[in-house]
Amino acid sequence: MNTSSVKNAAIKPSGQWRLFLKLIRETNPSKLRLGVAIGLSVVSTVVGLIVPMFTGKLVDSFSLSSMNPGQIAVLVAVFVAQAVAGGLSIYLLNHVGQSIVAGLRDRLWKKLLVLTVPYYDRHRTGETISRMTNDTGVVKGLIAENLTGFFNGVISIIGSIVILLTLDWKMTLMMLAAVPLSMLVLVPIGRQMFKISKGLQDETAGFTAVLSQVLSEIRLVKASGAEPQEYRSGKQGITNLFRFGLKEARMQAMISPLISFILMALLVLIIGYGGMRVSSGALTAGDLVAFILYLIQIVMPMNQITTFFTQLQKAAGATERIIGTLEAEEEEPDAGRPAPEIRLPITMDGVTFGYEPGEPVLRDIWFTMEPGKVTAIVGPSGGGKTTLFSLLERFYTPQEGVIRFGADPIGDFPLAAWRARIGYVSQESPLIAGTIRENIVYGVNREVSEVELRRAAEMAYAAQFIEDLPDGYETEVGERGIKLSGGQRRRIAIARALLRNPQILMLDEATSALDSKSEIAVQKALNHLMKGRTTLVIAHRLSTVVEADQILFLEKGRITGRGTHEESLKSHALYREFATQRLRIRETV
């Protein structure tokens, strides 16, 4: 369990509700619209309180001669007023609820985009999606569907009791004796409902995470023949949701009959005792009818109030998770002082870093990349090469040491401006679902002309294959660029980097896993891209290593050799073995 979970688990119910109300206030809902909605709801309920009294008097004086158009008009007007006020109240409360959930989702979306990479390392994507969709939906449901029922219920109960006390206080007190007995049963059931609902929300988030992971990697699932394994995983989530649903159904199955039983018992009691009062002349038949109608207006809202508090507990649980996300550490893209525009060396100054405390991936890294020069990193897999790139991108912060641009730590410069200096081409070269044009200009925060777009594609050796496609630059690439080959995706990534015109270039095995024709095209594109730029490359081709200005041999998180290709061949036995076996083999493939 993480720290936030422990903290949230310790929050008392009253504290949960305060957090919920604080979260709602921060969305700045329309107080006027909310006030009008609640006011209309009150009007609708108050009008509803008049109906039983009117019905009672109608019963006492019921005859064809006693019915006049005025009474009928009043009765019709009352029903119309109640319907209009109730309808407007429901619409306005839904409007407020939708605006609140839109505000919450806007805050969450903005937050999700500036959360640090370590946050996403710790949280599954599906759970994060559930925060955005399911949890905010619970908050909306409380406001749009249950808030009006709560206010109406409270007003209906109080108003009905006051009127009943004026009609016959003895019968009213006898009836009210059933309320505390009912609460002794309903309150524990409500608490159980909260636990079940909270568990259901957590299970839903976990199931969403499984769906997101499997469906996003469906080709891996099919290629690995893992459908049965993933079916079992999903089936377990479905079974757990089913069990929670049954628990919730059992609680509801207890509440509904219990309320019906209470209502019927009170009805029998009131009708029996009320009939005696009518026979004795202490009560009229119309008063008895009104009494029964008011009794219904007391018992039925109790269910609404119980539901409201159950939903409030669910919303409080959802609030914990939403606030946990909103309070998570975030990046500050614009904080810092402007970096010098001139090209300066980049220095790793005693950098140590690990994804988990006490488990360093990189240890005491020292090296300098001179402006406009190429630095190649080679070494066995798992040595920390890609982690170096992540540190330069400022996805993570070194636990020891510092990375400098010139004499200044890179952390002193605005994050957005620093990343704008970097062009990154990886082996995966991920693309977004959309057109080729959208992918080439992705993240370029300026207007890109058609000439500029095509020039970048030409320099990336991508123009020919793009123009051969039926829709050219408007061709849809599919989710994660699946409709294009690896070489095509990489050339689009290079075209994007060319448009960014970065000072610093990072190439993560950008020509690996390609056929010879695609590799030649990608290498030519990279040669265009590397000209005059400070370049850090994870290399697997011998020609890249030979031409690099310096080569770093990274082994188990440490730099065990450095120098040019010729120097390293003479001074570093493992590099010599690496170059003559692995790099040369790949060169000849």
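Per-residue extension of 0.36 nm, minus the Cα-Cα distance of Lys22 and Ala178, leaves a gain of 52.6 nm for this segment. Counting only protein heavy atoms and a 1.4 Å probe, the chain has 51 square angstrom of accessible area per residue.
The listed peptides 524-537, 244-257, ordered by packing as a protection proxy, come out as 524-537, 244-257 (highest mean of other Cβ atoms within 10 Å first).
For Glu356, Glu452, what's the largest-to-smallest order of accessible area, 1.4 Å probe? All intermediate terms of the calculation are to be shown ahead of the outcome.
Numbers: Glu356 105, Glu452 65 Å².
Reading off the accessible areas and sorting them downward yields Glu356, Glu452.
Summary value for the chain: 15 percent relative contact order, contacts being C-alpha pairs under 8 angstrom separated by 6+ residues.
Which semi-axes, in whole Å and largest first, does the equivalent ellipsoid of the stretch 393-450 have when worked out from the alpha carbon gyration tensor as the square roots of 5 times its eigenvalues? All intermediate terms of the calculation are to be shown ahead of the outcome.
Working: eigenvalues 171, 45, 14 Å².
Equivalent ellipsoid semi-axes, largest first: 29, 15, 8 Å.
Pull out a ≥ b ≥ c, the square roots of the eigenvalues of the alpha-carbon gyration tensor of the stretch 197-243, then state rounded if a/c is under 1.5, prolate if not and a/b is larger than b/c, and oblate in the remaining case. Don't skip to the end; give the middle numbers.
Values: a/c = 5.29, a/b = 2.05, b/c = 2.57.
Note, shape of the stretch 197-243 comes out oblate.
For an R0 of 51 angstrom, estimate the FRET efficiency from the Cβ-Cβ distance between Val154 and Ser390 and round to the nearest 0.05. List each step's numbers first, then the result.
Details: r = 55 Å, r/R0 = 1.09.
Here the calculated transfer efficiency is 0.40.
Applying 1/(1 + (r/R0)^6) with R0 = 56 Å to the Cβ-Cβ distance of Lys531 and Gln192, what FRET efficiency is obtained, to the nearest 0.05?
Working: r = 69 Å, r/R0 = 1.23.
With a Förster radius of 56 Å, E is 0.20.
Taking packing as the residue-averaged number of other Cβ atoms within 10 angstrom, the listed peptides 573-580, 500-507 run from highest to lowest as 500-507, 573-580.
How long is the gain from Val451 to Ala102 if the chain were fully straight, where each residue apart is worth 0.36 nm and the alpha carbon distance is subtracted?
On the way: separation 349, 0.36 × 349 = 125.64 nm, distance 3.97 nm.
Using 0.36 nm per residue and subtracting the Cα-Cα distance, I get 121.7 nm.
Which shape class applies to the stretch 319-365: rounded if a/c is under 1.5, otherwise prolate when a/b exceeds b/c and oblate if not, where a ≥ b ≥ c are the square roots of the Cα gyration tensor eigenvalues? Judged from the Cα gyration tensor, the stretch 319-365 comes out oblate (a/c at least 1.5, b/c at or above a/b). All C-alpha to C-alpha distances of the stretch 431-585, sorted into 10 Å bins beginning at zero, yield P(r) values of 10, 36, 29, 17, 7, 0 percent in whole numbers.
Roughly what % of DSSP beta bridges within the chain run antiparallel, to the nearest 5?
On the way: 21 of 39 bridges.
Counting DSSP beta bridges with both partners in the chain, the antiparallel share is about 55 percent.
Dividing the Cα radius of gyration of the stretch 250-320 by its Kirkwood radius returns 1.21 for Rg/Rh.
Compute the normalised compactness of the stretch 116-172: alpha-carbon radius of gyration over 2.2 N^0.38 Å, N being the residue count. Write out the running numbers ahead of the final one.
Working: Rg = 22.5 Å, N = 57, 2.2 N^0.38 = 10.2 Å.
This ratio for the stretch 116-172 stands at 2.20.
Which aspartates and glutamates, if any, have their Cα less than 15 Å from the Cα of Lys517, not counting same-chain residues under 8 positions apart? Of all the aspartates and glutamates, those that pass the test against Lys517 - Cα under 15 Å, at least 8 places apart if same chain - are Glu587. Prolate is the label for the stretch 208-290, because a/c, from the alpha-carbon gyration tensor with a ≥ b ≥ c as root eigenvalues, is 1.5 or above and a/b exceeds b/c. Take the Cα of Asp471, go 7 Å toward its beta carbon, and the backbone nitrogen atoms of the stretch 399-440 under 19 Å from that spot belong to 431-440.
With semi-axes defined as the square roots of five times the eigenvalues of the C-alpha gyration tensor, the equivalent ellipsoid of the stretch 295-344 measures 55, 9, 5 Å, largest first.
Once the Cα-Cα distance is subtracted from the 0.36 nm per residue extended length, the Leu569 to Glu330 segment shows a gain of 81.6 nm.
Any number yet on Rg/Rh for the stretch 356-493, C-alpha, Kirkwood?
Details: Rg = 18.2 Å, Rh = 17.7 Å.
Using Cα coordinates only, the ratio equals 1.03.
Give, to the nearest whole percent, the P(r) tail of the stretch 138-231 beyond 16 angstrom, counting all Cα pairs.
Working: 3311 of 4371 pairs.
Summing the P(r) of the stretch 138-231 above 16 Å gives 76 percent of all pairs.
Working note: Cα gyration tensor of the stretch 238-392, eigenvalues times five, square-rooted, sorted largest first, giving semi-axes of 77, 20, 10 Å. Of the solvent-accessible surface of the chain, computed with a 1.4 Å probe over protein heavy atoms with every protein chain present, carbon and sulfur atoms account for 61 percent.
Label-to-label distance for Asp408 and Lys222 is 5.1 nm, based on points extended 7 Å past Cα in the beta-carbon direction. For the residue pairs Lys57/Lys170; Lys222/Lys483; Lys247/Lys314, the C-alpha atoms sit more than 19 angstrom apart in Lys57/Lys170. By the combined test of axial Cα extent (at least 27 Å) and Kyte-Doolittle hydropathy (mean at least 0.5), the qualifying DSSP H helices of the chain come to 31-60, 69-114, 147-167, 178-216, 285-326. Diffusion coefficient of the stretch 80-151 by Stokes-Einstein, Kirkwood radius over Cα pairs, 25 °C, 0.890 mPa s: 176 µm²/s. Compute the label zone of Arg33 within the stretch 124-153: residues whose backbone N is under 15 Å from the point 7 Å along Cα-to-Cβ. Residues 140-141, 143-145 fall inside that zone.
Just add up the charged neighbours of Gly199: K/R +1, D/E -1, any other residue whose Cβ is under 12 Å from the Cβ of Gly199. It would help to have the intermediate numbers written out before the result.
Values: positive: Lys195, Lys198, Arg243, Lys247, Lys314; negative: Asp202, Glu203, Glu248.
Computed value for this residue: +2.
The values are calculated or read from the model by the stated rules, or taken from the named source; none is laboratory data. Quick caveat, the model's predicted, so the values are computed rather than measured. Note: ideal-geometry Cβ built from the backbone for every residue, glycine included; neighbour counts use all protein chains shown. Note: areas computed on protein heavy atoms with side chains; ligands, DNA, RNA excluded. Shrake-Rupley method; radii C 1.70, N 1.55, O 1.52, S 1.80 Å.
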